[in-house]
Amino acid sequence: MEQSANYNQDFLFKVLVVGDFGVGKTAIVRRYTEGEFSQNYKITIGVDFLIKRLRWHPNKQITLQMWDIAGHERFGSLTRVYYKYATAAVLVYDLSRPTTLESIIKWREDLREKTDDARLPTLLLANKCDISQDWPDLDKFCKQHGIDAWFPTSAKENVNVDEAINFLVERILEGDSVQSHNAPDDGVNLEDKPTSSLCNC
Ligand code: GTP
């Protein structure tokens, strides 16, 4: 059936942001959604999330729920609940702490187990490239561990954050599991959206 010219497509994507504590997950999410950065480190307790709305094409609106999952081990038992209905994932490590790359293997496995979706679009961010540009062969690493792509990023200096997340959105849209719903107006159905003090919508 032919669709009318003003047919609107709204997409709601849940993006998980995971990695060890202190690697910069909150900083990346805040940089992407609010364009801000803070040097003050406040540990994430459980999960926070922020929303970003993107007008991808004139008739295509995307709402990204960025789920900033606590990196500290003591919150690990909760992640199964947070991972439910995830559309994609961002794995983050800290270039100045190489052991946080080793942990990415564990985080990738965790995603595989708890999302039941081996094809979940997944990105690796080598964060804090403003203080270190020393990374191993990450093309090989990504291939070995089923990660779609990687980017060196700096949440602090705003390097590659938009580029990386926009790449992930493209990847999600290419996937065959994406479903959109026809929206009669500009509204977005956020029925599944939990409440959080960090929500800026
Ligand atoms: P948890 O909440 O414990 O899981 O940590 P997190 O991964 O969310 O780390 P967070 O974003 O809170 O950042 C930790 C520290 O690293 C903070 O002091 C940030 O300011 C700093 N930081 C984050 N990103 C960057 C970056 O790109 N460059 C530099 N130099 N510092 C950064």
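None of the figures in this text is laboratory data; all of them are computed from the coordinates on show. The structure displayed is predicted, hence computed values, not measured ones. For neighbour counting, all protein chains shown are included, and Cβ atoms are generated from backbone atoms with ideal geometry for every residue, glycine included.
Where the centre of each part is set by its Cα atoms, how far does the range 38-74 sit from the range 98-153, in angstrom?
18 Å
Place a +1 charge on the Cβ of each Lys and Arg in the range 9-185 and a -1 charge on the Cβ of each Asp and Glu, then give the dipole magnitude about the Cα centre in debye, rounded to the nearest 20.
Details: 23 positive and 26 negative charges, 69 e Å.
Roughly 340 debye, rounded to the nearest 20.
In whole angstrom, how long is each semi-axis of the equivalent ellipsoid of the range 9-185, when you take the square root of 5 times every eigenvalue of its Cα gyration tensor and sort them from largest down?
Working: eigenvalues 118, 65, 55 Å².
That gives 24, 18, 17 Å for the three semi-axes.
Work out the charge dipole of the range 9-185 with +1 on the Cβ of Lys and Arg and -1 on the Cβ of Asp and Glu about the Cα centre, then indicate which of Gln61, Asn158, Tyr83 is farthest towards its positive end.
Tyr83
What percent antiparallel are the DSSP beta bridges of the range 1-150, to the nearest 5? Present the calculation step by step, with values, prior to reporting the outcome.
Numbers: 10 of 31 bridges.
Here the share of antiparallel DSSP bridges comes out near 30 percent.
Students often get this wrong, so check it: of Lys114/Lys156; Lys25/Lys84; Lys60/Lys140; Lys84/Lys140; Lys14/Lys60, which have C-alpha atoms separated by over 24 Å? Before the final figure, lay out the partial values.
On the way: Lys114/Lys156 31 Å; Lys25/Lys84 19 Å; Lys60/Lys140 35 Å; Lys84/Lys140 29 Å; Lys14/Lys60 17 Å.
Pairs exceeding the cut-off: Lys114/Lys156; Lys60/Lys140; Lys84/Lys140.
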